[in-house]
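Quick notes on the structure that follows.
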Amino acid sequence: MRSARFMSIVGPRPARHSWLGLALGRADVRSLNMDRILIRGGNRLNGRIPISGAKNSALTLLPCALLTDEPLTLRNLPRLADVDSFGHLLNQLGCSTMIEGARPEDFGRVMTLRAGKVTATMAPYDIVRKMRASILVLGPLLARAGEATVSLPGGCAIGNRPIDLHLKALEAFGAEIETTAGYVTARAKNGRLPGGTIVFPVVSVGATENALMAAVRAKGTCILENAAREPEIVDLCRLLVAMGAHIEGIGTEKLVVEGVERLHGATYAVMPDRIEAGSYACAVGLAGGKVDLDGACADDMHATLAALREAGVEVTERQGGITVASDGKLNPLTLSTAPFPGFATDMQAQFMAMLLRANGASVLTETIFENRYMHVPELARMGADIQVKGRTAVVRGVQRLVGAPVMATDLRASMSLIIAGLVAEGETQVARVYHLDRGYERLEEKFAAVGADVERVSDG
Ligand code: UD1
């Protein structure tokens, strides 16, 4: 480790440095004000974009620190507001977090986490409502401390998003579940879960993650059937195995976990962000140009790459990344979101933006969330022709889009507005960019590096 670059230790002990602010992600600081992103459309994109560590993976690897009293070092962690917030939650539970690589010019960071002793077993409402992923401390806290309480997350912009399947899985493994006053408590009699089998009625990424983290330290065997197979689940399994867990069936819909009494520390690199890579690919598809997505992993992105190719984007898989090239003339598509290996719900909004000027009508169907078209009225303000009926959106290609002030509503929706802005005439202003800071590391810098006229302005 490059010890010269350790920035701070945050944890149950007071921070050693007065310059703690440096250890906070820039995104975290920025999210306190009302930044906007300005895009002046018309530029083609050419060059290279480094792909960051995956947000969705990072947020499930971080709570694994609770499973052991030894240090866990995560490399390639993206600099995102959500990663910082998760670190703060872990601090409250007794886990220290030490950050390396906090120079402003660095992409990614290394964080060493250590939960020598778990000092609290609750994730409060105030944190869970701001960051849904906080519910992922439920499984590991239960496994480590024999008890965990998390706030029910409540509603979310993109849909109902209940956690009943998380609880059913823990119950199937022998936990006692109690829900009162907006909080749910899970307990393991005698400290460790006896084990059992959960057959998930629908594929749930979050429930599979929580169940896995609870299962690895059970007394007996835990079986997860119809488990999620997303690459982020595989990443989680690989880390758990590196920590000493026994898991069979990694990458399949049946996971068999032989519980172990204790796990040890590990050093592990977060996988590249397939959604970030896919988002920039859609941007190139619409704006035209040729961009190397350095670090992107084609094996995690088959459905996305197939859809890009069908639309007419040239996709080259190469050692160490993917290259996408487009002349901006695109075919319409028919797409339906589905669990992995299907077309990801997290790519729906960006593909919709890419197809706004396609040569014909595209049909997009959202099967995972019931309210994931909040970008549609915003795109319509820019001249898009989209009709939504139930879970299906028909996007008719138009000749021109015109820049307008628009509002980001959630993370991926925000990216769709920026992509549309890349080809809109005049200036597009995207407000509420704190959504973007939750999930895209250095977005405006990455766009600017390939020639886009994208700028962040601060009113704060
Ligand atoms: C989902 C996506 C994931 C994406 C993330 C953020 C899928 C399968 N999951 O993961 O790819 O990165 O959103 O956008 O594509 N459900 C229940 N009860 C539960 C849990 C889930 O009914 O306890 C339902 C949900 O309402 C949803 C479906 O199951 O319809 C899948 O949800 P789930 O995978 O758990 O959501 P996330 O983990 O947030």
Selection count where residues are at pLDDT 95 or above, open to solvent by 30 Å² or more (accessible area, probe 1.4 Å) and among the polar types (S, T, N, Q), scope the range 314-353 | 4
Those strands (runs of 3 or more DSSP E) lying entirely in the range 34-152 with at least 3 residues touching a residue at least 12 places away in the same chain (Cβ under 8 Å) and more than 21 Å from THR180 (Cα to Cα) = 36-40, 45-50, 72-77, 96-100, 109-114
Can you name every residue in the range 249-284 that is away from the ligand (no atom under 16 Å from the Cβ) and assigned to a loop (DSSP other than H, G, I, E, B)?
-> GLY249, ILE250, GLY259, VAL260, GLU261, ARG262, LEU263, HIS264, GLY265
Can you pull out the residues in the range 211-242 that are within 16 Å of the ligand (Cβ to nearest atom) and of a type in the set (D, E, K, R)?
-> GLU225, ARG229, GLU230, GLU232, ASP235
Single residue of VAL199, VAL137 found to be within 16 Å of the ligand (Cβ to nearest atom) and under 18 Å from the mean Cα position of the chain (by Cα) = VAL137
With respect to GLY182, is the statement that it is at pLDDT 95 or above, farther than 13 Å from ALA145 by Cα and not assigned by TED's automatic domain parsing to the domain that holds THR367 true?
-> no
The one condition in (1) part of a loop (DSSP other than H, G, I, E, B); (2) outside the structural domain of ILE386 (by TED's automatic domain parsing) that THR367 fails to fulfil = (2)
Looking at (1) open to solvent by less than 30 Å² (accessible area, probe 1.4 Å); (2) within 16 Å of the ligand (Cβ to nearest atom); (3) touching a Lys or Arg at 6+ places or on another chain (Cβ under 9 Å); (4) within 19 Å of CYS64 (Cβ to Cβ), which is the only condition ALA245 fails?
-> (2)
For THR208, indicate whether it is among the β-branched types (Val, Ile, Thr), open to solvent by less than 20 Å² (accessible area, probe 1.4 Å) and within 16 Å of the ligand (Cβ to nearest atom).
-> yes
Number of positions in the range 163-179 that are more than 13 Å from ALA148 (Cα to Cα), part of a loop (DSSP other than H, G, I, E, B) and either within 13 Å of the ligand (Cβ to nearest atom) or aliphatic (A, V, I, L, M) (or both) | 1
Tell me the strands (runs of 3 or more DSSP E) entirely within the range 402-460 that contain at least 2 residues that are more than 14 Å from TYR280 (Cα to Cα), open to solvent by less than 20 Å² (accessible area, probe 1.4 Å) and in contact with a strand residue (DSSP E or B) (Cβ under 6 Å, 6 or more places away or on another chain).
-> 427-431
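The values are calculated or read from the model by the stated rules, or taken from the named source; none is laboratory data. Keep in mind that this is a model prediction, so the values were computed, not measured. When we count neighbours, we look across all protein chains shown, and the Cβ atoms used for this are built from the backbone with ideal geometry, even at glycine. The area values use the complete protein model at the heavy-atom level, side chains included, leaving out ligands, DNA and RNA. Shrake-Rupley method; radii C 1.70, N 1.55, O 1.52, S 1.80 Å.
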